[in-house]
Structure formats: C-alpha cells, structure tokens
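Report on the structure given below.
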Amino acid sequence: MFLLKVVFLSIKHHLLRFLLAIIGLAISITSLVYLMSFGEGARSLIQKNVRAFNLQILVLPPGQALSAQPILPRQLADSVRALGVGKVYAVLRLPYTGGFPPKAVGVVFGKDFSSSMHFLADYSIGKGRDLTDSTRREAVVGSVMARTAGWKIGDTVFIGTGKYVIVGIAKAGSPIVDNAIIVPLNLLMEDMGTERILAVAVAPPPERSEEVVKLLKKSFPNYSVQTSEDLMRLARSFVAIGDAIRFGLSSIALFVTAVFLFAIMAITVQERRWEFSVLRALGATRWFIFRLVVVQAVAVSLIGWAFGVLLGWGLVEVSGKVMVRVFGLDLLEMSAGILLLSLSVAIVVGFVGSVLPAVSAMRINVREGLGR
Amino acid sequence: MKVLKAEGLKKVYGKKVKTVAVDGFSYEFMPGKSYAVVGPSGSGKTTLLYLLAGIEVPDVGRVIYGDIALFSMGDDGRARFRADHFAFVFQQFYLIPYLSALDNVSMGLYLKTGKTDPKRAREILKTLGITDPSKKPYEYSGGEQQRIAIARALITDPEVIFADEPTGNLDSKNSATIFKVLTGIAVEGRTVIVATHDLDLASTCDVVLHLKDGRLVNT
C-alpha cells in the first residue's frame, strides 16, 4: 500500500506531464471500447435475431448459408411439410426503405397462411388486429416502424407495386418485430413478380431435431440444410473477423500511446535519477526501483483506462440511442469482455511503455546519480 | 558489537586520465564511536564512505562488517545488507519532494522491512524537534530537513550511520545541532562516520581521520 501511495503522490507531483499520457490513454481506450462494442452489439443482435425467429432448421438454396435472393420454388415448403417434420413456414422477406429522405428502415415479411406457426417468435398485436385473410391487402407494422414513419391504423403502405392498409401495430418485442412490416405471403410474391421464396423454415419437436435434420438432408440432397446453430456460428465468425480488424485499428492508437508513455517515462526517470540513487543508497534493490517505475506507468495507464472506459461507455450509450432512433437497430453494446480486454490492453501498454525506462532506472550508478 | 573493517581499499576513476580517489585505506571502525573523516575537496572522503557502505566497489581491498565481506555479495545483496545494517545522511538532504516528512521517514523503514510504522516515525521526528511531520520537505528549513533525513536514517535502527558532509548546506548554529545529534547517536552503541570539511565540528567526534589524496595521513 505504501508503494502505491508513493506512486500516486509522484503522479500527482508530476501531474501535468502524466496528464498528457492519461489523456492519450483515455482517447485510445475510448476508441478501443467504442470500436469493440460494435462487435459485441453485432453478436448480441445476431443472437437476438436468431431467437426472434421460430425456427431450428432452414432449407436453403444449394451451397448457401444465408439466402439473399428468392430462388427456391414455393412448392418446396409443401414437399417439406409432407414429410411430417413439424411446423413448416415459407420464408420471403425484403428490405424496406420508406420516404424520401428515408424515414423508416425495416424488413417486409410475408405471412404464410398455410403454416400453423408465425415465423416471428415475439410477434403479437399491440393495437388493432392481426392479418386474417391471405387475399386482403392488409399489413401489420412494427412499433418502431410505425413511430419513425408516423403510421397509424388505417394508413396505406406502399410495397413495390402493391399497397396495403395498416390494420394492426405489433407489440414492442424483438428488434426484428419492431422494424417489420407483415403482409400476406402470396400478395407479396405477386407484388415482387416472383413465384419463389428465400427459404423454408422448419420447427420440429425438440426431441426430433437431429432426426429431422438427417431426414431433410437425405430427402433434399440438392438443397442446403442449416440449423440455427450453424447460422449463429457463421455469423459469429464474420463478427470475429470484424473484431480483429477493429482491434487492429485501435492498436495503432494504442501503439502510439505506448511510445508516448515510453517517452514520458524516460524523461521522468532521467529527472529522478537522484531520487532512485538515494533509494539505492538507503537499501533499495534494483528490482524495487524497476517495480517503482513500472507500477507508476501501469497506474497512469489504469487512470487513463478508467477515463477511457467511462468516455467510451458514454459514447456507446449515446450512439446506441441515436442508432436505434435512426436505423431501429442497436449495434453497440458494452460487455464485461470489452472491459477486461481494455483493462488488459491498458496494463500491457503501461508495462511496454515503461519496461526500458525501468531497466535504465535500475541500472543508475548511485554515485553518478547523486552527482558526487 | 560488530566492527567495520576496511582492508587496503583502493579506488581509481577514469579510463584515459586516471584519478586515484582512495589509495590503500585500512582502518577498523568500532561500535559506539563517532568518526570524522576530514580533508580538502577531492581527498576521497565521499568515495571512502561509498566504499565502506558497499555502494561503490573498490578496485582493490575489501570491507568486512562483523564476519561478512561486503563485496562477496552482489549489488542487490549489498543493497539489502545496507537496508538491514547501515544508514546514510547526505549533504543535500535528498528528501523525496512529493512525500511528507512522515512519509520520507517511513520510506527508510519500508526499504528495510516492506512495512511502515507511522507512530514510530512520528516519535523519532519529535525527538529531533519536528513536531508537524505532515508538511512537504520544501516547507521546512535546511536544519529541519537534515533532521528529517537523520530520522529517516534512524528509523531502521542502523548499526552504522554514514553522513556525507551533513552540515555542508547549513549555518553554524544548525551545523552544531546536527553534529550534536550525530555524536549522540554514537553514544547509543552505533558507529557514526561523518565526512566533513569543518574541523571544529569534526573535533567533537571521538576520532578524526585525515585524508589526503585518498590516503589516510593521520588520526
């Protein structure tokens, strides 16, 4: 404790100098926290999105993990259903951007009236009513979509060549439901001028999951059968690549900070030669002097880390709110993992930035240091 | 009671131009006595103190304390040995500027034991006339700063105290006080070795050693 007291009093004594290092570290850590929170947000969003769908298995076009274009025949859903594998849903969705400049950004989903389940897990009606007829041009919109676009029940939504009357607003739930527009599947296909769908979602009874996957792979060898775990794994690997790139970008700032800290510590050691010499004359070992310098640099790093985390956290919160308001998506998220990563990085920066000055301090010749 | 023994100490500085700082110094310093090492500037007083304390390594000769040869130990071994048995007082006081008087004194004990004892530090400071130990060194007079430095030396309960020109930066009144304190410490059974220019003050010590060109010329 006394050593820490000495270290902090020394930092206080040279505050202006260390303040520069603290600011540098705070900025670097802020950028690290902010950039890494994108990955954390994306991971969390993927998890929420996968959970937002009532599916365990997707039948997709061959060789595809995630389908982008509707190229599967609509009848495939009926063929899957005929196998008796559980609840089956024909999936068709398209991105929606409404207004100019765009006010509402979301996703249009086709409701498969021939299925006994709803594709969206958290879907329920908050205001008005649900779609009841596959032939009526009616729509249910998510609560965020309704708010950002200024829609209310009775308004008309234009999707491609078709127009739909809003009959219900979904209860606030998952981000997917909140930003969704749901219209009858067959009418959506008609408006898009297609006979095709994106995928067939299957929700088998839990105890039959493995058996159903095998059956689907055997029955439809020309298609790709993906489980929700497969999708999560794939999505996570994309996020991990993004994490690595973002960490690489942050590392540039952190490297510059480490060099800066090194320069400050080297000057400090030079100025405190007499102090280290006195301590050596009084009985301090070389290791004690090394520790004194390194602990001081790490302490400076940790102060910078604390400010950086607070600043980064604030930025994540504010930006997250702005993103939700503008895009309806919360892509930023703080986590214990980010805190631990940034803490480790701060300690490493402190150590790397001080190890050479510390070695130089422990090698000071006492007589020379005292100017005698 | 341990004797500090120097045997044929020699120290030369410089590579091209060689300066002999200490040349064949041999002597036995007895416990309970105060020693003044006097001589003109450049006579090797400071070097001798650094050699005796194991801070500097001699080119020739050895220093034995009790039955331990100082230079048979490595650098860190000697540092630990210094913390356990010796203490140092400097001309420029060398108090750490960002620590209070109390913390400066505590540092002495921390280096020896890894612990502090604020109560004992306060008591020693009070004995030396420092009643408010919470101030930073620059807030004290020169005489007070040197007394704080002596308290930093005393808190480890050292057996040998080295003082390098301890009154060099003080007026005559404060110098006399400091010498009185240092010679008083020797009475308690410690060995006190003081390097000084001041022959009047040196005469208050039990033994006066005269150095000239690094050699002991007489006692």
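Return yes when A:ILE289 is under 30 Å from B:VAL89 (Cβ atoms), over 38 Å from the mean Cα position of the chain (by Cα) and more than 14 Å from chain B (Cβ to nearest Cβ) and no when it is not. In short, no. Among the residues examined, B:LEU9 does not qualify as under 20 Å from B:PRO166 (Cβ atoms), in contact with a strand residue (DSSP E or B) (Cβ under 6 Å, 6 or more places away or on another chain) and aliphatic (A, V, I, L, M). Among the residues making up region B:81-110, a single one is at the interface with another protein chain (Cβ under 7 Å from one of its Cβ atoms), open to solvent by 20 Å² or more (accessible area, probe 1.4 Å) and assigned to a helix (DSSP H, G or I): B:TYR110. Applying a threshold of 6 Å to beta carbon distances and a minimum spacing of six or more residues, or different chains, the list of pairs starting in region A:309-328 at a residue that is under 23 Å from A:THR148 (Cα atoms) and ending at one that is charged (D, E, K, R) reads A:GLY320/A:ASP330; A:VAL324/A:ASP330.
Each residue in region A:186-223 was checked for being touching a residue at least 40 places away in the same chain (Cβ under 8 Å), open to solvent by less than 40 Å² (accessible area, probe 1.4 Å) and more than 33 Å from the chain's Cα centre (by Cα), and 3 of them qualify. Restricting attention to region B:56-72 and to residues that are within 14 Å of chain A (Cβ to nearest Cβ) and modelled with pLDDT under 90, the residue that is farthest from B:VAL12 (Cα to Cα) turns out to be B:LEU70. Kindly list the number of the only condition in (1) in contact with a Lys or Arg (Cβ under 7 Å, 6 or more places away or on another chain); (2) crowded, with 18+ Cβ neighbours inside 10 Å that fails for A:TYR123. Condition not satisfied by A:TYR123: (1). Here the strands (runs of 3 or more DSSP E) wholly within region B:134-219 that include at least 1 residues being within 14 Å of chain A (Cβ to nearest Cβ) and closer than 30 Å to B:VAL12 by Cβ are B:160-164, B:191-196.
Could you tell me whether any residue of region A:275-291 is more than 30 Å from B:ALA83 (Cα to Cα) and surrounded by 17 or more Cβ atoms within 10 Å (Cβ to Cβ)? No: zero hits. Could you go through region A:212-226 and let me know if any residue there is outside any helix (DSSP H, G or I), touching a strand residue (DSSP E or B) at 6+ places or on another chain (Cβ under 9 Å) and of a type in the set (S, T, N, Q). Yes: region A:212-226 contains one or more residues that are outside any helix (DSSP H, G or I), touching a strand residue (DSSP E or B) at 6+ places or on another chain (Cβ under 9 Å) and of a type in the set (S, T, N, Q).
The values are calculated or read from the model by the stated rules, or taken from the named source; none is laboratory data. Note that the structure is a prediction, hence the values are computed from the model and not measured. Neighbour counts are summed over all protein chains in view; Cβ atoms, including those assigned to glycine, are modelled from backbone coordinates with ideal geometry. In case anyone asks, the SASA skips ligands and DNA or RNA and just uses the protein heavy atoms, side chains included. Shrake-Rupley method; radii C 1.70, N 1.55, O 1.52, S 1.80 Å.
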